[in-house]
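Remarks on the structure that follows.
The numbers here are math on the coordinates, done by the rules we state, and not lab data. Everything quoted here is computed from the prediction, not taken from an experiment. As a convention, Cβ positions derive from the backbone with ideal geometry for all residues, glycine included, and neighbour counts pool all protein chains shown.
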Amino acid sequence: MLEQPNMPELPEVEIVCRGLRPKLEGYMLIDVVQRRPDLRFPLPENFAERLRGRTIKRIDRRAKYILAHLDDGWTLMAHLGMSGRMTITGETPLAADKHDHIEFQTDDGAIVRFNDPRRFGFMDLIPTEELETHPMLASLGPEPLSNNFNEVSLNEALRGRKTPIKTALLNQKIVAGLGNIYVCESLFRASISPKRIAYSIPGKRATRLVAAIRDVLKAAIADGGSSLRDYVQTDGTLGYFQTKWRVYDREGETCPHEGCGGTIRRIVQSGRSTFYCGKHQR
């Protein structure tokens with residue numbers, strides 16, 4: 001049984017950023033519609049008014065956060081939560097859905113809608129120069145697709161940690177942006193048991209794990225991410241990496257590793273479902 005809901009992870013947020021950049025970067029927000037005072041948290045005071053007339057200089061991603069840098073020295077930070085989605089429409093969009101909470105319109109005619117049925121997402125306005133010290137960003141670990149994430153950094157982060165490696169990798173202080181799906185898939189590709197104690201990973205296992213994490217994330221991004229209940233790309237199309245999962249949500253199936261013959265198991269670790277092959281992953 002598929003565990004629901006699943007929060008969009010790094011690949012899904014990266015794809016959203018890539019979809020937003022050509023429609024928002026360099027363009028002015030001529031209108032912002034705010035249909036409720038809060039999402040997961042209250043929206044900043046005068047949120048829509050502060051954004052109208054601002055030009056978006058650049059869109060970045062940090063972990064699972066979308067960062068839209070504005071021309072007035074502030075940054076719009078957005079998090080998709082469990083069910084949030086950003087979709088782009090033309091100049092004559094369909095009528096707003098009841099869960100279309102925020103709407104941005106540019107001087108080029110693009111309309112970006114933030115839809116979030118569960119309202120676990122949030123938006124905030126932060127002085128750009130204070131981003132690195134912001135409570136939600138300051139303690140994040142390295143980006144797994146950056147040069148800062150390597151065997152050395154992983155070895156150091158796991159030193160002395162007595163938690164299972166699956167739990168450790170979900171800790172955003174160790175590596176930023178990973179979630180349940182891609183940790184399960186990465187551990188499978190690295191042939192590492194999710195139950196193995198984190199401090200025992202350094203060495204050859206760490207080398208395999210770093211490579212597996214990078215490979216899984218790159219493959220997921222190339223396939224548009226994993227679409228489960230709510231996630232879609234900015235053009236409304238589904239991702240399809242879920243069709244290539246090797247262990248996640250494959251409980252009871254035969255291990256796909258060549259020559260293994262084991263069976264995919266499901267256990268619960270730190271309240272999350274873990275899928276793995278006990279024969280292939282040691």
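Of Leu217, Met123, Ile56, which is farthest towards the positive pole of the chain's charge dipole, taken about the Cα centre with +1 and -1 on the beta-carbons of Lys, Arg and Asp, Glu respectively?
In the chain, that residue is Leu217.
How about the chain: what cysteines have no other cysteine beta carbon under 4.7 Å from their own?
Unpaired cysteines in the chain: Cys17, Cys184.
Given Cα pairs under 8 Å that are at least 6 residues apart, what percent is the relative contact order of the range 68-190?
Here the relative contact order equals 22 percent.
To one decimal place, what orientation-averaged projected area in nm² is obtained for the convex hull of the Cα set of the chain?
If you wrap the Cα atoms of the chain in a convex hull and average its projections, you get 14.9 nm².
Only loop residues by DSSP count here, and only those with at most 14 other Cβ atoms within 10 Å; note down the trypsin sites (Lys or Arg not before Pro) in the range 82-148 that meet that.
Lys98
Let me know the charge dipole size of the range 67-206 about its Cα centre in debye, to the nearest 20, where only the beta-carbon of Lys, Arg (+1) and Asp, Glu (-1) is charged.
That gives a dipole near 1620 debye.
Could you pull out every one of the lysines with an alpha carbon less than 27 Å from that of Lys162, ignoring same-chain neighbours closer than 8 positions?
Lys64, Lys173, Lys195, Lys204, Lys279
Quickly estimate the mean residue ellipticity at 222 nm for the chain, helices only: each DSSP H run with n ≥ 4 gives -39500 (n - 2.57), and the total goes over all residues, rounded to 500.
The helix-only estimate for the chain comes to -6500 deg cm²/dmol at 222 nm.
Compute the normalised compactness of the range 10-133: alpha-carbon radius of gyration over 2.2 N^0.38 Å, N being the residue count.
Normalised Rg, Cα atoms only: 0.96.
Considering only DSSP states other than H, G, I, E and B, which GluC sites (Glu not before Pro) in the range 1-109 qualify as loop sites with at most 10 other Cβ atoms within 10 Å? Could you put the intermediate results ahead of the total?
Values: sites: Glu3, Glu9, Glu12, Glu14, Glu25, Glu45, Glu49, Glu91, Glu103; in loops: Glu3, Glu9, Glu25, Glu45, Glu91.
When the GluC sites (Glu not before Pro) of the range 1-109 are filtered for loop state and at most 10 Cβ neighbours within 10 Å, Glu45, Glu91 remain.
Dipole size in debye (nearest 20) for the range 151-277 around its Cα centre, Lys and Arg Cβ +1, Asp and Glu Cβ -1?
Values: 20 positive and 11 negative charges, 136 e Å.
So the dipole magnitude of the range 151-277 works out to roughly 660 debye.
Using 7 Å Cα-to-Cβ label points, what is the Asp72/His134 separation (nm, one decimal)?
With each label point 7 Å from Cα toward Cβ, the separation is 1.6 nm.
When we measure straight from the Cα of Lys244, which lysines land under 19 angstrom away, once same-chain ones fewer than 8 places off are left out?
By straight Cα distance, Lys244 reaches Lys218.
Which value, in debye to the nearest 20, gives the size of the charge dipole of the chain about its Cα centre, when Lys and Arg are +1 and Asp and Glu are -1 at the Cβ? Don't skip to the answer; put the middle values down first.
On the way: 41 positive and 35 negative charges, 352 e Å.
With only Lys, Arg, Asp and Glu charged at Cβ, the dipole is about 1680 debye.
From the residues Val16, Leu169, Ala206, which one has its Cα farthest along the dipole of the chain in the positive direction, the dipole being from +1 and -1 charges on Cβ of Lys/Arg and Asp/Glu about the Cα centre?
After comparing all options, I get Ala206.
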